[in-house]
Amino acid sequence: MKVLFLTSNRNKVIEANAILSNLGYEVEQFLVNGLPPEFIEPQSSSISDVSELKIQQALELISETEFENHALLVEDSGLFIESLNDFPGVYSSYISKTIGNEGIINLLADKSNRNAEFRAYSILYKNGEYFRALGVCSGSISTQIKGTNGFGFDPIFIPESGDGRTFGEISENEKASKSHRGKSLRILYEELKPPSK
Ligand code: IMP
């Protein structure tokens, strides 16, 4: 079954496909004439509210188009750092593009608490029904940028369930098995599965 993912972030599509393709879903970026559609990045104080606004926009975009009967996926995610009162949180995308990983490491220079978590809130719409799931990955912020895999804050995030390497140093599959995105998509998949007889 095909799922259209409304996002301008290709990395999210690759990661979602790595997870849902094992489960029989084919995730494709939602493109119109080869480009992500004009889309207003919603602003809100919580990732769940942002996702709700994204799915409503996605539904408006596909109404009365050839995509009308496709399943839709949206997601909002962010990095929440404990000693910074959950900053950058919903501002993660902007902060990643501006001060970047170096900037986050500098902000934590005098902090002994480096705990952080990634959160992803996904909504999948299929045949008039909504499926929602929050995935959380606990960890900490490294003192140095390490690794070149993944995107965004991956080179500074050390997942608690790992061996000390950052997400930037591990493979896509290993990240998917631990990440907030992986968790939220696996919850969605469980919700989508028909009940076993
Ligand atoms: P948005 O969900 O498109 O608003 O973007 C969330 C932002 O959080 C991204 O641009 C990244 O900076 C950061 N982020 C979310 N998930 C990840 C991840 O899996 N790895 C690294 N950074 C992430």
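A short reminder: the numbers here are calculations on the coordinates, not readings from a lab. Only a predicted model underlies this, so the values are computations on that prediction, with no experimental measurement involved. Using ideal geometry, Cβ is built from the backbone for each residue, glycine included, and neighbour counts are taken over all protein chains shown.
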Leading residue at positive end of dipole, the stretch 1-152 (Cβ point charges), from 50, 148, 29: 148
Along the dipole axis of the stretch 95-197 (charges at Cβ: +1 for Lys and Arg, -1 for Asp and Glu; origin at the Cα centre), the most positive-end residue among 99, 185, 167 is 185
Dipole magnitude of the stretch 54-173 about its Cα centre, charges +1 at Lys/Arg Cβ and -1 at Asp/Glu Cβ only, in debye to the nearest 20? 340
In a Gaussian network model over the chain where Cα atoms closer than 10 Å are linked, find which of 103, 139, 78 has the largest mean-square fluctuation. 103
List the residues whose amide H sits under 5 Å from the amide H of residue 29, counting only those 5 or more places along or on another chain, with H placed 1.01 Å from N in the peptide plane. 5
Would you mind telling me the antiparallel percentage of the DSSP bridges in the stretch 2-192, rounded to 5? 80
Here, residue 35 and residue 21, labelled 7 Å along Cα→Cβ, have an inter-label distance in nm of 2.7
Under the Karplus curve 6.51 cos²θ - 1.76 cosθ + 1.60, θ = phi - 60°, whole-Hz ³J(HN,Hα) for the stretch 8-14, x wherever Gly or Pro sits: 9, 9, 4, 4, 5, 5, 4
Rounding to the nearest 10 and keeping the result within 0 to 90°, find how far the Cα-based axis of helix 180-192 lies from the longest principal axis of the chain. 30
Looking at the chain, identify the longest residue range that excludes and avoids all GluC sites (Glu not before Pro) in DSSP loops having at most 15 other Cβ atoms within 10 Å. 69-159
Students often forget the sequence filter, so: which lysines lie under 25 Å Cα-Cα from residue 12 once same-chain residues fewer than 8 apart are removed? 2, 54, 97, 126, 146, 175, 178, 183, 193
On the first, second and third principal axes, largest extent first, how far apart are the outermost C-alpha atoms of the chain in Å? 54, 39, 27
